Amino acid sequence: MGLKITGAGLALAALALQAGPAFGQSAETAAAKSAPLLVPADFAVPTLAEGPGFKLVPLGPDLVKIDFDAYMASIEHLQKTFTRSTDWPHAGLNADDAMKDMEGEAARFQARKSFAYGVLTPDGTRERGSVYVSPSPVPGYDAVVRLWVTKAEYDAGFDAALYAWVQAWVAKEWPFAKVAFPGRAIEWAEWEAKVAAAEAVSLAM
């Protein structure tokens, strides 16, 4: 399955959906409505995946507290390693913001537009990080996969272990021929140049 950008609207939708919590909520909602399905209608989207010392489950309102606790404890770390922006997370976020984010993630998951997972401890009491499977704003890639772990987990070496596991999981369990891992398999500068080029083409059409 491949995604093709056929206009500025689809490019904006893809950018919004891959941005995750850093993107404005109203823009996310509008983009989600216009975005195409990320996976075929007959594909069984994983709702549980287990790895060594962790499990992946869909993000949603039932995980709002442990998700909020995880990213709010790692604000500076995530601004530098994940969003590369002070837009998310930041100290001004509150419980209402967190719930809106979780409701948006759950809605996009159910609509098959993008898929966000919490990486939890096996007993489900703590979030170690998150994984996002989203549309690609760049032609030639079927999806974009991003992930983050908390500062404590990063310092313990979990980031590298999770990335290796996610690569294998996506290759085995998802219907994508080519996946982009920005900031990892593709340097940020190279990825941003590809996104900018795709936006320029879309706006010109």
Here, LYS80 and LYS65, labelled 7 Å along Cα→Cβ, have an inter-label distance in nm of 3.1 nm
Which FRET efficiency value, to the nearest 0.05, is calculated for THR125 and GLU187 with the Förster distance at 35 angstrom and r the Cβ-Cβ distance?
0.45
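Quick note: the coordinates plus some simple rules give every number you see, no bench work behind them. None of the values given here were measured: they were computed from a predicted structure. Cβ: placed from backbone, ideal geometry, glycine included. Neighbour counts: every protein chain shown.
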